[in-house]
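First the structure, in the form of structure tokens, and then the observations on it.
The values are calculated or read from the model by the stated rules, or taken from the named source; none is laboratory data. Keep in mind the model is a prediction, meaning the values are calculated, not measured. Note that each Cβ is placed from the backbone with ideal geometry, even for glycine, and that neighbours are counted across all protein chains shown. Surface areas here come from the heavy atoms of the whole protein model, side chains and all, with no ligands, DNA or RNA. Shrake-Rupley method; radii C 1.70, N 1.55, O 1.52, S 1.80 Å.
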Amino acid sequence: MSTELRGKRIAFLVANVGVEQVELTSPWQAVKDAGGEPVLLAPEKEQVQAVQGDLNKGDTFDPDHAIADVSPGDFDAVVLPGGVANPDKLRLVTEAVEFV
């Protein structure tokens, strides 16, 4: 296992609906494999519904925190997973824009 990110907290910022599952799970695993601590943030501390191919429902994920409950200074980096809906929805969430 790599230790490049040991001691680093990496925020994964997602909308509660619409993040492309593979664009969340693959980088998440890469952060873990590099020794980092991935942390899932969403506008609401309610389940995140991922999608596959932007239309089909994927798995659900429980966010660690709502965006408004954390500070950017709590993290060493931020990942904005893709999909069509995720960034489109996040740009309308004031707390998400301010966080980034």
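Data overview
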read-out	value
From the options Thr25, Thr60, Thr3, residue that is assigned to a strand (DSSP E or B) and hydroxyl-bearing (Ser, Thr, Tyr)	Thr60
Near pairs, Cβ below 8 angstrom, 6+ apart or cross-chain, from region 59-87 (closer than 16 Å to Thr25 by Cα) to any residue that is open to solvent by 70 Å² or more (accessible area, probe 1.4 Å) and of a type in the set (Ser, Thr, Tyr)	none
Whichever residue in region 74-98 is under 20 Å from Gln47 (Cβ atoms), surrounded by 14 or more Cβ atoms within 10 Å (Cβ to Cβ) and among the hydrophobic types (A, V, I, L, M, F, W, C) and, among such residues, is modelled with the lowest pLDDT	Ala85
Meets criteria (within 10 Å of the chain's Cα centre (by Cα) and surrounded by 20 or more Cβ atoms within 10 Å (Cβ to Cβ)) for Ala42	yes
Failed condition for Ala96, given (1) under 12 Å from Leu13 (Cα atoms); (2) in a loop (DSSP other than H, G, I, E, B)	(2)
Lone qualifier among Ser26, Ser71 - being farther than 23 Å from Glu98 by Cβ and either surrounded by fewer than 16 Cβ atoms within 10 Å (Cβ to Cβ) or out of contact with any strand residue (DSSP E or B) (no Cβ under 7 Å at 6 or more places or on another chain) (or both)	Ser26
Unmet requirement for Asp33, which otherwise passes all of (1) surrounded by 14 or more Cβ atoms within 10 Å (Cβ to Cβ); (2) under 24 Å from Arg6 (Cα atoms)	(1)
Condition broken by Gly18, with the remaining ones in (1) modelled with pLDDT under 95; (2) out of contact with any strand residue (DSSP E or B) (no Cβ under 7 Å at 6 or more places or on another chain); (3) of a type outside the set (Phe, Trp, Tyr) satisfied	(2)
